[in-house]
Amino acid sequence: MGPIALFDKSFLQSLTVDESVLFDHFFYPVICPLFYVETLADLEKAVRQGRTPEQEVGIIARKTPEMHGGPCIYHTQLALANLMGHDVPMHGSIPVAGGRPVKTKGKTGIVYKESPESEAFSRWQRGEFLQVERQFAKGWRTALDSLDLSAVVAGMRAMGIETKTCKSLTEAKQMADSFVSDKDKPFDRLKLALVILGIPLTYERSILERWQIYGYPALLDYAPYAAYVMSVEIFFQIALGAQLIATERASNRIDIAYICYLPFCMVFISSDKLHRHCATLFLRSDQTFVWGQDLKEDLKRLNEHYMMLPESQKEKGIMRLAPIPPMEGEYLIRKLWDRHLRPSWRDRPENPLPRDPEKDRDLVDHFKQFTKANPLQPGQIDFDPRDADVLTIERRVSKKKGSWWQLPKDLK
């Protein structure tokens, strides 16, 4: 398991199934909701000759990571939670929903069942699509496209933001940052933020009252993640108005929203030119942007490297076969591991010691106690869920995917 990696649909589509297995294995992928939106949108598009839309989506679903990582909460939901007073982690961890707090034998735990998104992708691999999922994806797309641009432009002008004066993407980013950090015209500023973030009217009063109690701080100080999303949206509108980003490409609206998920990763992998030009402006100093084609070539070389090994070794499963990247050869993946995981990963053995079956059984039984425990009611939770003794995540994993055994061939 390697660096936490956000990826876009264009990158995953470029991979073969075998390359996608290695990507899943050597990274901890962030699957953001926009990936589902884009994937399901293919059900309504004309696709390449000889394939149905359902087959096209099934191919993408087949390549989607399943061993590691997981789906992230939709960014506007996180922004709303942040405005309501909830913390949102912004230093390389994935915010996920649905954890059940439990207790057993004096130990605390959080249990994550298989996510609805993962269940859906399992069905899509078999060509099964539910109408509710089509409608859900349409709802997300509608939310992304429903921004009242005239209200946004008027609000930005009231704040002194004139897009025509902007000469570069860097300047657009600086103007967006100033918006979320400045304190003048506080009510107008927060009202515009609520419009751009699409906050439902039912929440506005609670947000305004809480903000008043805190003394009308700048948005950046009051709700850092909501401010971050706001800066992405303001940046995009300024860049469009200054004609620094093409207005005729409809997909730019979804593409720019991927940047809202950068705080939750170490590495961002994309084959989209808009991301290549804009993402680096939003990355922290400890993050890396990777051009999708460069990583694809690296995964192709790795695939060829491991394919040369005897079948008896490959049947042990990819985790046993390649617990760490090869120590020899020039591989981009190893450079990323060095930057984001070093020094700990180099201490891992390339050939791990044999496992003790009895200890493994005891470990599985230990985790099963938590997965079978009844979830605690709100009044029964007497521990911080972020500091539980045990965290379990249930997954549905293909035993073999493409040419690779993801799990040992003899595993029952």
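By the count of neighbouring beta-carbon atoms within 10 Å, fewest first, Val390, Val30, Val180, Val364 end up ordered Val364, Val390, Val180, Val30. Compute the long axis of helix 131-145 from its Cα atoms, compare it with the longest principal axis of the Cα atoms of the chain, and write down the angle in degrees, 0 to 90, nearest 10. Between the helix axis and the principal axis of the chain, the angle is about 40 degrees. Note on the chain: GNM, Cα springs under 10 Å; of Ser285, Ser168, Ser20, the largest mean-square fluctuation is that of Ser285. Near the amide H of Ser270, within less than 5 Å, lie the amide hydrogens of Val290, Gly292, all on another chain or at least 5 residues away, with H placed in the peptide plane. Based on Cα contacts under 8 Å between residues 6+ apart, segment 146-248 shows a relative contact order of 42 percent. Run through the DSSP bridge list for the chain and note the antiparallel percent, rounded to the nearest 5. Of those bridges, close to 30 percent are antiparallel. Note: relative contact order over the chain, using C-alpha pairs below 8 Å and six or more positions apart, is 27 percent. Based on every Cα atom in segment 215-287, Rg and the maximum pairwise Cα distance Dmax equal 13.2, 44 Å.
The sum of -39500 (n - 2.57) across all DSSP H runs of n ≥ 4, divided by the residue count of the chain, sets its helix-only mean residue ellipticity at 222 nm to -14000 deg cm²/dmol. Both radii were evaluated on the Cα set of the chain; the Rg over Rh quotient, with Rh as the Kirkwood radius, amounts to 0.98.
Using only the Cα atoms of segment 269-412, build the gyration tensor, take square roots of its eigenvalues as a ≥ b ≥ c, and label the shape rounded, prolate or oblate: rounded if a/c is under 1.5, else prolate if a/b is larger than b/c, else oblate.
It comes out oblate by the Cα gyration axes.
Across the cross-link table entries Lys103/Lys372; Lys273/Lys401; Lys335/Lys399, which are compared at the Cα atoms, the separations over 20 Å belong to Lys273/Lys401; Lys335/Lys399. A straight line joining the Cα centroids of segment 172-204 and segment 335-388 runs 40 Å. Note on segment 146-248: semi-axes of the ellipsoid equivalent to its C-alpha gyration tensor, largest first and rounded to whole Å, are 24, 14, 11.
All of the numbers you see were taken from the coordinates with simple rules; none came from a lab. Quick caveat: nothing in here was measured; it's all calculated off a predicted structure. Cβ sites come from the backbone with ideal geometry, for glycine too, and all protein chains shown count toward neighbours.
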